[in-house]
Amino acid sequence: MCGILGVVGQSPVNQLLYDGLQVLQHRGQDAAGIVTSSGKTFHMHKGSGMVRDVFRTRNMRSLMGNAGIAHVRYPTAGSASSLAEAQPFYVNSPFGIVLAHNGNLTNTEELKADMFRHDLRHINTNSDSEVLLNVFAHELAARVEGFELSVEAIFGAIEAVHRRVRGAYAVVALIAGYGLVAFRDPNGIRPLVIGSTHVTGKAEYMFASESVALDCSGFSILRDVEPGEGVFVSFDGDFHARPCAKEVRHAPCLFEYVYFARPDSVIDGASVYQARIVMGEKLGEKIRRVLPQLDIDVVMPIPDTSRPSALALANSLGLPYREGFIKNRYIGRTFIMPGQAVRKKSVRQKLNPVACEFKDRNVLLVDDSIVRGTTSKEIVQMARDAGARKVYFASAAPAVRFPNVYGIDMPTRAELLATGRTEQEIAEEIGADAVIYQDLAALQEAVHSVNPALHEFETSCFDGQYITGDITAAYLDAIECARGDGGKKDENPVSTQMIDLNLNVAEQNLM
């Protein structure tokens, strides 16, 4: 999962892009990058780490221009430790293009082979985003007549991308001397929203993974980029949009509403906060229906994402709501941290129990989901150590039993706590007296009730149904094998070293 931004303004946009990345930081903490455009020149700065650590005043001063794109990275394909895979990516032909991508392609290896054999393009990293950039660049070059680029050529290139590329992708890109391009996969799996504002009577446009970036920058929500749609905004502010895929279906990722998105965001017309409130109400209904015998004294959220659901659940059951854990806000998300050892160690640094809220009580802990279970197990033990008599654990999402291949880092079935286990076995594994999961139909209805126009969702991590129709058992075995090998030290590191073509100096001017 990553966060992307794109802006076409009437004045310098470097501060807008920086501020937007700050509020999208939850979508990726591995790397950050900004590219701005001034005339036909790109100005780039990117690096590993948090937004506040990557950019200094001297970097911001060099990011000149009234248009730009930006990215925060959470690695789902390629190497988490490679600076060469920080985005945006750049290619010099045709015209010069920089691109930022949120999602994950499912036919990357096939595309790489096509790039080499037919398109004669070199892919320098293991990132599927670089592959996507080169596919778009190749298709754009094939449609250029003479020295000029037409709007028809841009939309034709996007149409070709949709024909060739499979998987989940939301994209913003700059074409030197022309403007900003945005498009979204034909299933609409990954979010992309358009905002606008007016400065001295002229329109400015912002594209972002979540509406919160628009809110914090003074832009009003215009609409979402539709599945399979292409949008082009010239540097003069002319706005063009067109459907670019023959077959589309609107099936946003359900996990965005459960966990990834900020509660103050609106994604595909549905308030994330309202959806999480309804999730809690429906979970309360299930507990009354299925486990009425539970003797619960108090309901507590696992900060922060589960707070709305826990509050609604407590109200639904007529029980007290208490904040039993205090979060250290200077520790990053454990879900994003690589490695079980690091994740386990970080839990006690991140959360601390308020002992008086647990002492001699039967507590119902509410979390947004249970993925690997490492964090859940630690939290249950912390509750017991703080004096809880019984500890029940409720998940606002269904059991995660299958890998996600569309941009969420949970690819191996062996890592998923719920794979091959019953709810009783899961409770035993994490040390809880009982575990309660949301039903998938109830979760879908929760989001649908907030925006009735949403009828279908990408739910593969819950039910194993992959919406792109190209995921086989062999494919899943291959990515699990690759993930397993990825943790081993290479005996010959030279064989896997990637050439760093343009990142020896993170700050560049690219013609």
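The values are calculated or read from the model by the stated rules, or taken from the named source; none is laboratory data. If you're wondering where the values come from, they're calculated on a predicted model, not measured in any experiment. For neighbour counting, all protein chains shown are included, and Cβ atoms are generated from backbone atoms with ideal geometry for every residue, glycine included. Ligands, DNA and RNA are excluded from the accessible area calculation, which covers all protein heavy atoms including side chains. Shrake-Rupley method; radii C 1.70, N 1.55, O 1.52, S 1.80 Å.
Out of all Cα-Cα pairs in segment 3-249, roughly what percent, to the nearest whole number, are more than 33 Å apart?
Numbers: 2742 of 30381 pairs.
Looking at segment 3-249, the distances longer than 33 Å represent 9 percent of pairs.
Students often get this wrong, so check it: of 46/377; 282/327; 286/327; 40/246, which have C-alpha atoms separated by over 31 Å?
Numbers: 46/377 37 Å; 282/327 26 Å; 286/327 28 Å; 40/246 33 Å.
Flagged as over cut-off: 46/377; 40/246.
What are the residues whose amide H is under 5 Å from the amide H of residue 65, where those residues sit 5 or more places off or on another chain and H is modelled from the backbone?
Placed amide hydrogens put 13 under 5 Å from residue 65.
Going from most exposed to least, what order do 152, 285 have by accessible area with a 1.4 Å probe? It would help to have the intermediate numbers written out before the result.
Details: 152 110, 285 85 Å².
From most exposed to least exposed: 152, 285.
Where does each of 4-10, 420-426 land if you order them by average Cβ count within 10 Å, highest first? Walk me through the intermediate numbers first.
Details: 4-10: 26.3, 420-426: 13.7.
The peptides rank, most packed first, as 4-10, 420-426.
Starting at the first residue of segment 244-253, write each ³J(HN,Hα) from the Karplus equation 6.51 cos²θ - 1.76 cosθ + 1.60 with θ = phi - 60°, in whole Hz, x for Gly and Pro.
10, 9, 6, 10, 10, 8, 9, 9, x, 5
With each run of n ≥ 4 DSSP H residues scored as -39500 (n - 2.57), what mean residue ellipticity at 222 nm is computed for the chain after dividing by its residue count and rounding to the nearest 500 deg cm²/dmol?
Values: 16 runs with 153 residues, N = 511.
Rounded to the nearest 500, it is -8500 deg cm²/dmol.
Quick check: the distance between the Cα centres of segment 421-455 and segment 176-190, to the nearest angstrom?
33 Å
Using a 7 Å offset from the Cα along the Cα-to-Cβ direction at both residue 465 and residue 57, what is the distance between the two label points in nm, to one decimal?
Here the answer is 5.6 nm between the modelled labels.
Using only the Cα atoms, what convex hull volume per residue in Å³ does segment 420-471 have?
Per-residue hull volume (Cα only) is 97 Å³.
Note down the relative contact order for the chain as a percent, whole number, built from C-alpha pairs under 8 angstrom at least six residues apart. Intermediate results must be reported in sequence, preceding the final value.
Working: 1162 pairs, mean separation 70.9, N = 511.
The value is 14 percent.
Once the Cα gyration tensor of segment 136-202 is diagonalised, what are the square roots of 5 times its eigenvalues, in whole Å and ordered largest first, as equivalent ellipsoid semi-axes? Show your work: numbers first, answer last.
Details: eigenvalues 96, 84, 12 Å².
Equivalent-ellipsoid dimensions as semi-axes: 22, 20, 8 Å.
Give the longest segment of the chain that steers clear of chymotrypsin sites (Phe, Trp or Tyr not before Pro) in DSSP loops with at most 16 neighbouring Cβ atoms within 10 Å, not counting the sites themselves. Don't skip to the end; give the middle numbers.
Values: sites that count: 147, 330.
Segment 148-329 is the longest.
Apply the Karplus parameterisation 6.51 cos²θ - 1.76 cosθ + 1.60, with θ equal to phi minus 60°, to every residue of segment 294-300 and state each ³J(HN,Hα) to the nearest whole Hz, in sequence, with x for glycine and proline.
Computed from phi, the couplings for segment 294-300 are 5, 9, 9, 8, 7, 10, 10 Hz.
Just by accessible area at a 1.4 angstrom probe, what is the order of 209, 449 from largest to smallest? Working shown, then result.
Numbers: 209 0, 449 55 Å².
The most accessible residue leads, giving 449, 209.
Give the long-range amide H neighbours of residue 267: residues separated by 5 or more places, or on another chain, with amide H under 5 Å away, using H modelled in the peptide plane at 1.01 Å from N.
Residues meeting the criterion, in which the H sits 1.01 Å from N, are 272.
Diagonalise the Cα gyration tensor of the chain and give the resulting equivalent ellipsoid semi-axes, square root of 5 times each eigenvalue, largest first, whole Å. Don't skip to the answer; put the middle values down first.
Details: eigenvalues 323, 114, 96 Å².
Computed over the chain, the values are 40, 24, 22 Å.
Could you work out what % of the accessible surface of segment 3-249 is carbon and sulfur, using a 1.4 angstrom probe and leaving DNA, RNA and ligands out of the count?
Details: 4110 of 8640 Å².
Carbon and sulfur: 47 percent of the exposed surface of segment 3-249.
Skip the ligands, DNA and RNA, and give the accessible area per residue of the chain with a 1.4 Å probe, whole Å². Working shown, then result.
Working: 20320 Å² over 511 residues.
About 40 Å² of surface per residue is accessible.
Using only the Cα atoms of segment 186-322, what are the Rg and Dmax in Å?
Cα-based Rg and Dmax for segment 186-322 come out at 19.6, 65 Å.
With a 10 Å radius around each residue's Cβ, average the other Cβ atoms per peptide and rank 397-404, 30-37, highest first.
On the way: 397-404: 22.9, 30-37: 26.1.
Highest-to-lowest ranking by the protection proxy: 30-37, 397-404.
Which FRET efficiency value, to the nearest 0.05, do you get for residue 428 and residue 329 by plugging their Cβ-Cβ distance into 1/(1 + (r/R0)^6) with R0 = 35 Å?
Values: r = 33 Å, r/R0 = 0.93.
The value I calculate is 0.60.
Show me, for segment 448-464, the HN-Hα J-couplings you get by feeding each phi into the Karplus relation (A = 6.51, B = -1.76, C = 1.60, θ = phi - 60°), rounded to Hz, glycine and proline as x.
Those phi angles translate into 4, 5, 7, 9, x, 6, 8, 10, 9, 9, 7, 10, 4, 5, 9, 10, x Hz.
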